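Only one structure is covered here, and it is reproduced in the block below.
The values are calculated or read from the model by the stated rules, or taken from the named source; none is laboratory data. Computed from a prediction, not measured in an experiment: that's the story for all the values here. Please note: Cβ atoms are built from the backbone with ideal geometry, for glycine as well, and neighbour counts cover all protein chains shown.
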Amino acid sequence: MTAFLRMTIDLNSSPWRMAGASVRGTSHQKSGLPCQDAQGFRILQDESGPVLLIALADGAGSAAHSDQGARRAVEVALETLSAAFDPQAAEQMALEELELVSLAEPVPPETSGGAAEIFIYEAQLSETGEIQTSESHMDVEDQPEPVDVEKLDEGEIAAPVSDANNELESFILQAFGRARRALCQMADSEDIPLRDLSSTLTCAVLRPDCLIVGQLGDGAVVAQAQPGEGEEQEGELFAVTTPQRGEYANETYFLTQVGVLDKVQLHTIRRPIKALAAMSDGLLRLAMKMSSNEPHPPFFKPLFTFAATAEDPGAAAIQLEAFLNSDRVNARTDDDKSLVLVVHV
Amino acid sequence: MEPYLLDQAEFADNPEPRCPVVLALDTSGSMKGDPIIELNNALREFGAALKSDPLASLRVELAIVTFGNGVHAIDVKSGIPNETPGGGDTRSMMVRPKTKEVAFDAQQAFATVDQFRPPVLDAGGDTPMGEAIRRALDLIKGRKELYKQNGLDYFRPWIFLITDGRPTDRGWELAAEQVKQEENRKGVVFYAVGVEKADMNVLNRFSSNRAPLKLHGLAFGDLFQWLSKSLSVIAHSRPGEQAPLPPVGWGDIDTSHSDE
């Protein structure tokens, strides 16, 4: 493992401009529930350049404490992803896993409300291009198998996978496992049912030359590629993730469900990204053509331009909040809404 | 920073997710008189209640299958316009409207609430309940296909059965098994309601998740008020919501099953 430097640098010296906000929807305003969406980001630096970590979580409908569940999931996700760039923290985490592995017993589904569950995943891409995950107890020395890349364009040759991106993918998967475990521990210590903390989770690692995203649930991540050499002005806008649905409109996956870690989707885009948006499902009907899961460009373009001119993320967040809480948005959705916008300038 | 840019963001147009509901209604001879009158009144109020919920209006889709003198899919997209209170066309008050039928076709049989015209049903004949259930299941299957073809999301469909007797058609046991299995597969939500002399033991065969309910007297109005509120809850629900339905005040779980 190559040595990484970890420094927190402020946004202004990074290549990105950002704006992010989560607001309570009108349904929760009426019912007196808090906003159940949560988000967070961190900027780090490693020897190959700046790294942006993003996490976004959407607490389940009217689950009593899902706002806490969402916040905790975001916290743990960012902590896990940060460890990818901090050898000491990574080692500490691995030791923690080993300890828990030796102590834990398998828990039958009905009683999963309180116990900690350990899942350590290796991601493997099958020949058909499907991501498969397998449960295993991973030793610190084990390296995951090389994972093939996701192609952006027809005919684009997949570059051989570097160890660094491989490890990032494994940290993303660990973020989901650790977030789930944290919710189980929280349910235990607060003596509340695990399902009251139900939340989706999306996390992303953005570097100047690639984007890796993990998602569980019905949020969405949309990206715009940098135009290639000699291409016209704007790169293609595309959906990175697919909102996960059961058969029915009011079903999705949450961290608190048994066996749900198998459902985590992992996407690696090995191209420089011009702009990125992550959102919770409250905005999907406004931002995407749902039947084909395509981003609606007239929604995203003005928003990306707004984010690009945002010099102060704090003030930008306030303006974004006002937008998310505007009458014209609330006419179309009564759900909580989260949006994170990142533009490479 | 340019906040006006946020004003320029345009929204995508997406169709609403749908909640398909088939009402399987007993119109056999024993329903003549007060029962069918009460049922018709309740259907009218049901339509009005759902229409007053803007989201339910766009999302809930209704189909009516009657059984009595055969099994029929009722045209719920036309018929008399809703009467305006204290006025309206006197002619329509004098002429008894004819209830039209449609083919058992998933396209024709369903109407979204905003297009729903409550029919006025007649009673007579026997009780081919088994066939009605089979038809209801087929309509739902067909509707799901249409949704998938058109890229529409949908909620779990409902079949709501109301009867005041017992099935007279052969092979109803098979239909009962079919709907029971479909419910266990989470393909449908099934409610059975018995009225007056309904055979509750028979109705018990149609579901393993939910006991049939016995209506208090002819309180169809209360029943359909509950149903409209429940469908509103579903229409508004999002992933992870417990979506509790309102309490059933209009009927009881029948505990008087004999050992059959």
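Descriptive notes on the structure:
- Looking across the range A:219-266, the residues that are in a loop (DSSP other than H, G, I, E, B), out of contact with any helix residue (DSSP H, G or I) (no Cβ under 9 Å at 6 or more places or on another chain) and within 14 Å of chain B (Cβ to nearest Cβ) come down to A:242, A:245, A:246, A:248, A:251.
- Out of A:265, A:174, sole residue that is touching a Ser or Thr at 6+ places or on another chain (Cβ under 7 Å), surrounded by fewer than 21 Cβ atoms within 10 Å (Cβ to Cβ) and not basic (Lys, Arg): A:265
- Entirely in the range B:1-107, the helices (runs of 4 or more DSSP H) that have 1 or more residues that are among the acidic types (Asp, Glu) and modelled with pLDDT under 95: B:4-8
- If the condition is being in a helix (DSSP H, G or I) and touching a Lys or Arg at 6+ places or on another chain (Cβ under 6 Å), then the range A:287-324 contributes A:307, A:308, A:324.
- Scope the range A:73-89; condition assigned to a helix (DSSP H, G or I) and out of contact with any strand residue (DSSP E or B) (no Cβ under 8 Å at 6 or more places or on another chain); matching residues: A:76, A:79, A:80, A:83, A:87, A:88, A:89
- Scanning the range B:190-201 for residues that are buried (at least 20 other Cβ atoms within 10 Å of the Cβ) and in contact with a helix residue (DSSP H, G or I) (Cβ under 8 Å, 6 or more places away or on another chain) returns B:190, B:192, B:193, B:194, B:195.
- Restricting the range A:272-317 to residues that are hydrophobic (A, V, I, L, M, F, W, C) and free of Cβ contacts under 8 Å to residues at least 12 places away in the same chain, the residue that is farthest from the other protein chains (Cβ to nearest Cβ): A:315
- Residue pairs meeting the criteria (Cβ under 6 Å; at least 6 apart or on separate chains; first at the interface with chain A (Cβ under 10 Å from one of its Cβ atoms) and assigned to a loop (DSSP other than H, G, I, E, B), in the range B:145-160; second surrounded by fewer than 16 Cβ atoms within 10 Å (Cβ to Cβ) and not aromatic (Phe, Trp, Tyr)): B:151/A:291; B:152/B:15
- Test: residue in the range A:180-195 that is within 14 Å of chain B (Cβ to nearest Cβ) and crowded, with 22+ Cβ neighbours inside 10 Å: yes
- Leading residue by the ranking (nearest to residue A:203 (Cα to Cα)) among those in the range A:41-70 that are surrounded by fewer than 19 Cβ atoms within 10 Å (Cβ to Cβ) and more than 14 Å from chain B (Cβ to nearest Cβ): A:42
Yes or no, residue by residue, for (1) polar (S, T, N, Q); (2) surrounded by fewer than 21 Cβ atoms within 10 Å (Cβ to Cβ):
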residue	(1), (2)
A:201	no, no
A:209	no, yes
A:235	no, yes
A:238	no, yes
A:245	no, yes
A:250	yes, no
A:256	yes, no
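- Counting only strands (runs of 3 or more DSSP E) that sit completely within the range B:181-260, those holding 1 or more residues that are more than 14 Å from chain A (Cβ to nearest Cβ) and modelled with pLDDT under 90 correspond to B:251-253.
- Filtered residues of the range B:1-51 (kept if away from every other protein chain (no Cβ under 14 Å), of a type in the set (Phe, Trp, Tyr) and over 13 Å from the mean Cα position of the chain (by Cα)): none
- Among the residues listed as A:242, A:252, the single one being touching a Ser or Thr at 6+ places or on another chain (Cβ under 8 Å), closer than 17 Å to residue A:200 by Cα and polar (S, T, N, Q): A:252
- Scanning the range A:325-345 for residues that are part of a loop (DSSP other than H, G, I, E, B) and within 12 Å of chain B (Cβ to nearest Cβ) yields A:325, A:326, A:331, A:332, A:333, A:334, A:335, A:336.
- Hey, residue A:76 at pLDDT 90 or above, closer than 23 Å to residue A:306 by Cα and either buried (at least 16 other Cβ atoms within 10 Å of the Cβ) or not acidic (Asp, Glu) (or both) or not: no
- Taken residue by residue, the range A:314-335 has at least one member that is among the charged types (D, E, K, R) and crowded, with 20+ Cβ neighbours inside 10 Å.
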